[in-house]
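> Please see the structure below; I have some questions.
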Amino acid sequence: MWNASIDRSPALIACCTGVGDVVAAVRFARRTGLVAAVRGGGHSFPGQSVCDGGIVIDLRAMAEVDVDPEARVARVGAGALLGELDRATQAHGLATPAGIVTHTGVAGLTLGGGIGWLMRKHGLTIDQLLSVELVTAGGEVVRASASENADLFWGVRGGGGNFGIVTRFEFRLHELGPVLAGPIFWRIDESPRVLRFYRDWIADAPDELMTLVIHRKAPPLPYVPAELHGELVVGVVCCWSGALDAGERAIAPLRAFGSPVLDLCEPKPYLEHQAMLDPSFPHGRWYYMRACDVDELTDEVIDITVEHSLRIRSPLTTFPIWQLGGAVARVGDDETAFAGRGAGHTFNITAMTEGPDGFDAEREWARGFWSALEPHHRGVYVNFLMDEGEERIRAAYGPAKWDRLKALKRRYDPDNLFRLNQNIPPG
Ligand code: FAD
């Protein structure tokens, strides 16, 4: 597992190489009554793709990516990682919006929604989805798209792995050249001013601009000035996906604000930018995360953020605040199971340590920060939930979507075979 704080021992791992293997594994799990976990990229924060004593249906070998540059479509196996998808599409100057760390699985990310650098321009990852091939709990292979099993297609776009095992995704692609991207950092004592400036600066930002705010201790990397190593800093990471000269103009006010201590925002290939955060979230560390959406970075939200950033202890903890909006918010809320299109920002309060030492304290920091923000919560992205129980999952979807998802679950998985996920029980 990517998150080393999760340690479980399955009885059996079914390493599937194609849809036939997945059907066999599902039928085997049903026949034996073994609890079944489904593994795509293995990046579930709470470790829901591994189980104790059951069967892990591992899709990692099904990682093929076929790009049709004429039709601008990619057909992607369920074991592919984001980096594999991006490499194949960028070879043709194309891309589909996905996440910000290349070793995340396409499957789990897509089924929950998929937020990332290109979403404000083109929408969520699910908004690019043309169809899926899926193995149901009964072991049937079905296709879902806008015209085939449309109710199921609605459900897999945000409803997670509740309705079956997706074996193949078909995505729409967009043209994408180099991006103007990278972080600009300030010392932590500038954070209250930087966040207030940032809030006003992004208020009418074009869709080409997507940003993340991060707070962390500066790592001892060669391009980080030595006097900053280990010091808390605030950064705004930009990704401009339009014409580069327009991007320079749009980002200029941010560069000019206050006294940045490090400016790494420059034109670069998209693949390079996509891999930038990989070293900050490697496999094998201990991770814990609490997440919430907020409408706006009000003065109060900013004050809470600054106060809790000052309490980060671990040199590894890095927590992003995502800027939503743009094309994400222009898709109708009813069109997909994903909830939260109207949110302004997503807080991703990630505690991180090298191992068990210091982990409990950092986890308490994440919990305390999240609780302090509670008056401002407006929902949560299901892919950023830990094992938080049914109430939280129901709240994430809201009552109308929850009822519709439960009805779908009764139809496609009435015995809840697929329950190691952000589970929607059939009732
Ligand atoms: P897995 O652990 O393999 O699976 C996660 C869940 O999905 C499990 O419940 C599993 O059973 C189910 N599942 C997996 N594959 C299938 C399938 N083929 N059919 C049915 N169910 C399946 N999210 C974003 O939106 N944007 C980001 O930029 C982003 N960055 C991240 C970076 C890191 C380092 C991490 C750890 C997570 C990130 N996430 C991001 C959250 C991510 O979307 C979820 O953790 C997602 O579940 C990971 O998918 P996976 O396939 O790697 O995980």
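The values are calculated or read from the model by the stated rules, or taken from the named source; none is laboratory data. Bear in mind that the values here come from a model prediction, so they are computed numbers and not experimental data. Please note: Cβ atoms are built from the backbone with ideal geometry, for glycine as well, and neighbour counts cover all protein chains shown. Just so you know, the surface numbers come from the protein's heavy atoms only, side chains and all, with ligands and any DNA or RNA stripped out. Shrake-Rupley method; radii C 1.70, N 1.55, O 1.52, S 1.80 Å.
> Let me confirm something: among S191, S145, S131, which residue is under 30 Å from E296 (Cα atoms) and polar (S, T, N, Q)?
S191
> Which condition number in (1) under 17 Å from the mean Cα position of the chain (by Cα); (2) open to solvent by 10 Å² or more (accessible area, probe 1.4 Å); (3) within 22 Å of S49 (Cβ to Cβ); (4) not β-branched (V, I, T) is the one that L385 fails?
(2)
> Continuing with this model, one more query. Looking only at residues that are touching a strand residue (DSSP E or B) at 6+ places or on another chain (Cβ under 8 Å) and assigned to a loop (DSSP other than H, G, I, E, B) in region 156-196, which one is farthest from the ligand (Cβ to nearest atom)?
Checked region 156-196; the qualifying residue farthest from the ligand (Cβ to nearest atom) is P178.
> Have a look at D68, D127 and point out the one that is under 29 Å from V331 (Cα atoms), of a type in the set (D, E) and in contact with a helix residue (DSSP H, G or I) (Cβ under 8 Å, 6 or more places away or on another chain).
After applying the criteria, what remains is D127.
> Which members of region 218-245 meet the condition of being open to solvent by less than 40 Å² (accessible area, probe 1.4 Å) and in contact with a strand residue (DSSP E or B) (Cβ under 6 Å, 6 or more places away or on another chain)?
A218, L232, V233, V234, G235, V236, V237, C238, C239, W240, S241, listed by residue number.
> How many of the residues making up region 130-151 are outside any loop (DSSP other than H, G, I, E, B), of a type outside the set (V, I, T), within 13 Å of the ligand (Cβ to nearest atom) and open to solvent by less than 10 Å² (accessible area, probe 1.4 Å)?
Total meeting the criteria: 2.
> Considering only region 64-73, I want to know if a residue exists there that is within 14 Å of the ligand (Cβ to nearest atom) and either crowded, with 20+ Cβ neighbours inside 10 Å or part of a loop (DSSP other than H, G, I, E, B) (or both).
Checked against the condition, which is being within 14 Å of the ligand (Cβ to nearest atom) and either crowded, with 20+ Cβ neighbours inside 10 Å or part of a loop (DSSP other than H, G, I, E, B) (or both), region 64-73 yields at least one hit.
> I'm checking my understanding of the structure. Among residues of region 74-84 that are in contact (Cβ under 8 Å) with a residue 60 or more places away in the chain and assigned to a helix (DSSP H, G or I), which one is surrounded by the fewest Cβ atoms within 10 Å (Cβ to Cβ)?
G83
> Now, a different point. Quick one: what pairs do we get from region 223-251, first residue farther than 16 Å from D189 by Cα and in contact (Cβ under 8 Å) with a residue 12 or more places away in the chain, second open to solvent by 40 Å² or more (accessible area, probe 1.4 Å) and not aliphatic (A, V, I, L, M), C-beta under 6 Å, 6+ apart or different chains?
Matching pairs, first to second residue: W240/E208; S241/K121; S241/E208; G242/E208; L244/P267.
> Right, something else. If we keep just the residues of region 30-58 that are outside any loop (DSSP other than H, G, I, E, B), among the aliphatic types (A, V, I, L, M) and open to solvent by less than 40 Å² (accessible area, probe 1.4 Å), which is farthest from the ligand (Cβ to nearest atom)?
That would be I55.
> Moving on to the next point. Looking only at region 90-105, count how many residues are within 10 Å of the chain's Cα centre (by Cα) and either within 6 Å of the ligand (Cβ to nearest atom) or part of a helix (DSSP H, G or I) (or both).
Residues meeting the conditions: 5.
> List pairs: first in region 139-167 and under 20 Å from V331 (Cα atoms), second away from the ligand (no atom under 14 Å from the Cβ) and open to solvent by 50 Å² or more (accessible area, probe 1.4 Å), Cβ under 7 Å, 6+ apart or cross-chain?
Listed by first residue and then by second, the contacts come to S145/L130; F153/A146.
> I need every pair where a residue in region 414-427 that is assigned to a loop (DSSP other than H, G, I, E, B) has its Cβ under 6 Å from the Cβ of a residue that is modelled with pLDDT of 95 or more and of a type in the set (K, R), sequence separation at least 6 or different chains.
Close Cβ pairs (under 6 Å, with a partner that is modelled with pLDDT of 95 or more and of a type in the set (K, R)) amount to I424/K406; I424/K409; P426/K409; P426/R410; G427/K406.
> While we're looking at this one, here's another question. Out of the residues in region 1-29 that are in a loop (DSSP other than H, G, I, E, B) and open to solvent by less than 50 Å² (accessible area, probe 1.4 Å), state the one that is nearest to the ligand (Cβ to nearest atom).
Out of the qualifying residues, it is W2.
> Answer with yes or no whether G344 is modelled with pLDDT of 95 or more, among the small types (G, A, S) and over 24 Å from the mean Cα position of the chain (by Cα).
Considered against the rule, which asks whether it is modelled with pLDDT of 95 or more, among the small types (G, A, S) and over 24 Å from the mean Cα position of the chain (by Cα), G344 comes out as no.
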